[in-house]
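J.: Here it is, the structure, as structure tokens.
Computed from the coordinates by the stated procedures, all read-outs in this text should not be read as laboratory data. The model shown is predicted, which means the values in this text are computed figures rather than measured ones. Cβ placement follows ideal geometry from the backbone for every residue including glycine, while neighbour counts extend to all protein chains displayed.
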Amino acid sequence: MLIVSIPLSAEKRVLQLLKRLWMLPVDIRLSAHTNKLFFRQRTYSYEGTVPLVDVFEKPIADWDSVMKRTFDVVFAALAIIALSPIMIIAAIAVKLDSKGPIIFKQKREGFNTEEIEIFKFRSLYTDQGDKSGVNVVTKGDNRVTKVGRFIRKTSIDELPQLFNVLLGSLSLVGPRPHVANAQTDNKLWTEVVDSYIARHKVKPGVTTGWAQINGWRGEVDQEDKLKGRIEHDIYYIENWSLLFDLYILAITPLKLINTENAY
């Protein structure tokens with residue numbers, strides 16, 4: 001919990017702080033101990049005897065977080081069992097297609113911008129791999145192997161991230177895990193969209209999310225594409241429910257048929 005104890009009379013300063021702080025995955029309260037306005041008693045929460053005005057709530061907290069974690073573990077385990085034949089075939093194909101490891105590991109930003117390591121089937125030639133993620137894959141990219149092109153279009157390359165879900169660094173559904181310092185037109189994404197950091201209020205998802213099933217998938221080569229993706233990510237965070245996750249998972253296979261933006 002984060003408590004802003006600046007008097008409410010300092011409206012401009014309070015609003016400046018809230019504009020920056022709302023993006024953090026915490027409960028935010030305004031201290032009302034110096035407030036001359038008296039609201040109804042139920043309006044306040046208390047820390048000791050200090051009355052607080054609730055401003056922002058941490059998303060997916062308390063029992064919601066327990067339910068989402070249980071949902072993730074159960075469905076990820078079932079998915080690994082059900083999709084194991086596909087993963088075995090993909091692993092063999094990657095190994096036979098080109099030299100190098102089957103699994104590609106890359107650092108991404110996770111919950112609260114913490115660094116996490118995600119697993120993917122390797123889709124690029126080993127000597128041309130880009131662990132930094134700065135040089136994004138584009139249409140017709142020569143770095144992509146023959147097998148890599150297919151598994152990227154079908155999102156099969158993302159399946160090893162189901163093990164990330166079991167380890168707790170990813171969720172089944174959520175915003176895409178981006179690399180740190182990602183850029184578009186030489187501008188950091190945090191500079192393009194003021195609310196970019198807000199997408200880290202929850203764990204990132206494996207291969208699907210509200211943004212992905214609404215067409216915001218693939219290369220982010222224009223600022224409008226990033227803004228559209230972040231807008232949908234924040235909508236998901238603010239409206240999360242287990243039914244919402246189930247809907248996204250159910251609709252994902254149909255959306256994956258459209259591989260226009262997947263390279």
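J.: What are the principal axis extents of the Cα atoms in the chain, in Å, biggest first?
T.: 72, 41, 28
J.: Moving to a separate point now. Label points 7 Å out from Cα along the Cβ direction at ASP194 and GLU238: separation in nm?
T.: Here the answer is 1.4 nm between the modelled labels.
J.: Let me ask something additional. Find how much the distance from VAL136 to GLU114 grows on full extension, using 0.36 nm per residue of separation minus their present alpha carbon separation; answer in nm with one decimal.
T.: Additional length available on full extension: 5.8 nm.
J.: Do you know the relative contact order of the chain, to the nearest whole percent, from alpha carbon pairs under 8 angstrom that are 6+ apart?
T.: Relative contact order for the chain comes out at 17 percent.
J.: Then there is this: For region 168-251, max minus min Cα coordinate along each principal axis, in Å, sorted largest first?
T.: 38, 24, 19
J.: OK, next. Multiply the residue gap between ILE3 and LYS187 by 0.36 nm, knock off their C-alpha separation, and tell me the result in nm, one decimal place.
T.: Numbers: separation 184, 0.36 × 184 = 66.24 nm, distance 3.28 nm.
Length gained between ILE3 and LYS187: 63.0 nm.
J.: If you don't mind, there's one more thing I want to ask. At TRP63 and ASP27, where each label point lies 7 Å from the Cα along Cα→Cβ, what is the point-to-point distance in nanometres?
T.: Here the answer is 1.6 nm between the modelled labels.
J.: Shifting gears a bit: Calculate how many DSSP beta bridges within the chain are antiparallel, expressed in % of all such bridges and rounded to the nearest 5.
T.: 80
J.: Next question, about the same structure. Students often check this: by mean Cβ neighbours within 10 Å, which of 180-191, 117-128 ranks highest, and how do the rest follow?
T.: 117-128, 180-191
J.: Quick check: residue separation of ALA82 and GLN128 times 0.36 nm, minus the Cα distance between them. What number comes out in nm?
T.: Full extension from ALA82 to GLN128 adds 13.3 nm.
J.: Show me 60-67, 9-16 ranked by packing, highest mean number of other Cβ atoms within 10 Å first. Walk me through the intermediate numbers first.
T.: Numbers: 60-67: 12.8, 9-16: 11.2.
The densest-packed peptide leads the list: 60-67, 9-16.
J.: Evaluate the Debye formula for region 121-201 with equal point scatterers sitting on the alpha carbons, no solvent, and hand back log10 of I(q)/I(0) at q = 0.16, 0.19, 0.25 Å⁻¹, in q order, two decimals.
T.: With one equal scatterer per Cα and no solvent, log10 I(q)/I(0) is -0.80, -1.06, -1.25.
J.: Hey, what did region 114-261 get for relative contact order, percent, Cα under 8 Å, at least 6 apart?
T.: Relative contact order here is 23 percent.
J.: Loop-only check: which trypsin sites (Lys or Arg not before Pro) in region 134-176 are DSSP coil with at most 12 other Cβ within 10 angstrom? Intermediate results must be reported in sequence, preceding the final value.
T.: Values: sites: LYS139, ARG143, LYS146, ARG149, ARG152, LYS153; in loops: LYS139, ARG143.
Passing both the DSSP loop test and the Cβ count: LYS139.
J.: With an 8 Å cut-off on Cα pairs and a minimum separation of 6 or more residues, tell me the relative contact order of region 54-199 in percent.
T.: 25
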